[in-house]
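Worksheet: the structure to be examined is printed underneath.
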Amino acid sequence: MSHGDHGKGAAMDHGKMDNGKMDHGKMDHGGGMGMGGDMIMLQDEEINGVMGSAHMMDVRAKMAEHGMTMTHHLMVSFMNTEGEPLTKGTVAVKVEAPDGTVSKPIMMMGMSGAFGADITLDQPGMYHFKIGTKLADGEKRTFHFHHQN
């Protein structure tokens, strides 16, 4: 699986997001991937025949321009053992901050063959991302990624 396409200006379709806050699809995050900032690669993890690959972009400057406090855009993509992308299903993330607080589940929207969400990483230290999935095969899986902020 290649993340190469994401960093070369691939457009992300946030337009289907309707969380009552703002039309994220019309927001220009700037820079590569439409987001700005450098790509931060996270670990890959395989759970029951599905490989999850995650990465983040620092978007705090562009979010601040729109009065929003989110600091990063988290994206995760999935593929089966045959290397086929898995793009249908329900995906949510819980973020555990360095102080031990855990966010409520944040729905990750399908976009450009992956799932993404804007999150806030506002403390120094280790963050843990618990990503719960129910992909097209109907099996529930939980992926764990982490990042030192």
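Taking the range 105-130 as the range and being open to solvent by 50 Å² or more (accessible area, probe 1.4 Å) and of a type in the set (D, E, K, R) as the test, the residues that pass are D122, K130. The number of residues in the range 124-149 that are modelled with pLDDT of 95 or more and of a type in the set (D, E) comes to 1. Hey, among the residues in the range 131-145 that are charged (D, E, K, R) and open to solvent by less than 90 Å² (accessible area, probe 1.4 Å), which one's farthest from A54 (Cα to Cα)? Ranking the qualifying residues of the range 131-145, first place goes to E139.
The values are calculated or read from the model by the stated rules, or taken from the named source; none is laboratory data. All figures in this text were calculated on a predicted structure; none of them were measured in a lab. SASA here: full protein model, heavy atoms, side chains in, ligands and nucleic acids out. Shrake-Rupley method; radii C 1.70, N 1.55, O 1.52, S 1.80 Å.
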